1. How large is the charge dipole for the chain, taken about the Cα centre, if only the Cβ atoms of Lys, Arg (+1) and Asp, Glu (-1) carry charge, to the nearest 20 debye?
2. Towards the positive end of the charge dipole of segment 109-198, with charges on Cβ (+1 Lys, Arg; -1 Asp, Glu), say which of Tyr142, Thr182, Leu162 has the farthest Cα.
3. When only the heavy atoms of the protein chains count and the probe is 1.4 Å, how do Arg267, Arg261 rank by accessible area, highest first?
4. Ignoring ligands, DNA and RNA, what accessible area per residue does the chain give at 1.4 Å, in Å²?
5. What is the magnitude of the charge dipole of segment 250-409 about its Cα centre, with +1 placed on the Cβ of each Lys and Arg, -1 on the Cβ of each Asp and Glu, and no other charges, expressed in debye to the nearest 20?
6. Determine the alpha carbon to alpha carbon distance for each of Lys107/Lys131; Lys39/Lys160; Lys420/Lys455; Lys455/Lys488 and list only those over 19 Å.
7. Please express the shape of the chain as an equivalent ellipsoid: the semi-axes are the square roots of 5 times the eigenvalues of the C-alpha gyration tensor, given largest first in whole angstrom.
8. About its Cα centre, what dipole magnitude does segment 131-211 give when the only charges are +1 on Lys and Arg Cβ and -1 on Asp and Glu Cβ, stated in debye to the nearest 20?
Amino acid sequence: MCAERKLETDVLIVGSGAVGVAAGIEAREAGASVILLEKEEILGGAAAVSGGGCAIVDTFLQREAGIEDSHDLAFEDWIIAGQGKADEVWARFYIERSNDALFEWAKDRGVEWVGARQNEGNSVPRWHQPKGGGGGLWNALYQTAQDRGIDTWLTNTAAKELIVEDGRIIGVIAEDTTSGDTVEVLAKAVVMGSGGFNSNIDMVKEVRPDLRRHRILEGSGRGDTGDGHGMVEAVGGTTTHMDDIWFYVFAIPDHKDERGRRGLVIRGVPDNIWVNAQGVRFHNEDLSGGGTGSVAVLAQEPAYCWSVMDSTMTDDVTVSDPQYYIPGASVKDPEKVKALIEESPHIKSGATLEALASEIGVPEDTFVETVNHYNSGIDQGLTEDPDFGRPLSNRKMIQSPPYYALNFTPTARKNFGGVKTDLKCRAVDKHYEPIPGLFVAGELAGMAGGHINGKHGLEGTMLGPALFSGRVAGAWAAKDAGFGEGFK
Ligand SMILES: Cc1cc2nc3c(=O)[nH]c(=O)nc-3n(C[C@H](O)[C@H](O)[C@H](O)COP(=O)(O)OP(=O)(O)OC[C@H]3O[C@@H](n4cnc5c(N)ncnc54)[C@H](O)[C@@H]3O)c2cc1C
């Protein structure tokens, strides 16, 4: 193939998300020249629109808040959450280095950590929040990468194929998606950081045939369509644990997506209740995570539910999608959220519970009984809901019309499986031999190594390992290209 444009560099990085900035900084600090390719028009991938939370262990912030954490405690939580399917070596590598190689490293490169929160499955708070969320974190690292001298970020440029010469990866053939021109980038080492495949529902259903009959939505960064998996497999790389996908169920179909495939993640309604298509509750709604809420909703027939709330709760609704943020800030635009509630065909309302039941197509009597029964527990001052054990203290009843129901539909969010690598992030073949010149990190590598989380994760265990493995890949790619000493 004759390329319209040819470039050369020491280290080439595919993808500008978490891996892009981390590997880029690392390779550049080692002295290598770096070029980044980004398929989308906008840089940043899922990382820049993410919540930004990173699971980090034994930090200054934890100690200051009197939180006693330890590597062994975090490892135990991690392995339990992963249901024994995590890559234990990678998990320990990450946990033991997360303070110095992520928290302190990022702090020294402009990221401001503001607090630690506790999520399901964690014995202590360790979900560390950066100022400005994922956008704040990614922008700080992007700024640092530019300050270090990385000036070639080719947007609208989709990597298509890895170039192999004498068994070694020596570059990438890409396409300029605006002109259709072919771009060839030759490099001494290539880092693949093209993210996961949860914005490609066909690929999700290919690895999860059990979900084919359900409506499942796309929920990762828009460019995370699994391009890298095929590219790496085409040169002999192996994938593993591909069916371990983290679903969120607090999401509705995005009515602005003409393909009807994208999900909008909804937060901010702690007092909603979930009812299934039969009009009954089935779960403690406080346990809404990928390991609990998703499992419960996916077990319903059909696999969706309605998030029911009243008029006192709608102001708190937040949509985790940049379309609903104030431009340039990671904070919600209340007017856009209000418009969504009014115009989305996936959000129904009714002046009475009976009217709402009819709107959402569930048996009226059952639905009214479900809501009244739940309210009665709060009214009686019960501390816990007798059906599913949900704490009821200080809980609002669903009693102020109009009533609303949001069609919560499982949304594929994070890939816990991907390309298998060794501890230097070298992609390995089916005999676990490294493929010369090829490094893989982040969600393409199931966040790190192939399957660092296992079946489920503790939250913050995606972005954190993606940044960390990005650093590892960048350092070893630079060494492979003749710069630096590799990851220390
Ligand atoms: C809304 C949202 C919130 C999240 N919040 C959190 C959180 O709080 N904590 C947490 O731990 N995790 C979170 N995650 C997950 C986390 O953001 C990702 O796992 C992480 O960003 C993965 O990093 P990455 O670099 O591998 O992929 P990304 O950050 O997605 O970057 C991959 C990039 O590669 C580009 N690309 C793809 N194919 C090609 C190609 N062929 N050529 C060139 N470029 C290509 C993509 O467009 C993208 O820009 C969240 C995810 C989402 C979607």
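The values are calculated or read from the model by the stated rules, or taken from the named source; none is laboratory data. All figures in this text were calculated on a predicted structure; none of them were measured in a lab. Note: ideal-geometry Cβ built from the backbone for every residue, glycine included; neighbour counts use all protein chains shown. Surface areas here come from the heavy atoms of the whole protein model, side chains and all, with no ligands, DNA or RNA. Shrake-Rupley method; radii C 1.70, N 1.55, O 1.52, S 1.80 Å.
1. Value, rounded to 20: 460 debye.
2. Tyr142
3. Correct descending sequence by accessible area is Arg267, Arg261.
4. For the chain, the solvent-accessible area averages 39 Å² per residue.
5. Details: 13 positive and 24 negative charges, 104 e Å.
Computed about the Cα centre, the dipole is about 500 debye.
6. Lys455/Lys488, as the Cα separations exceed 19 Å there.
7. 41, 24, 20
8. I would put it at about 440 debye.
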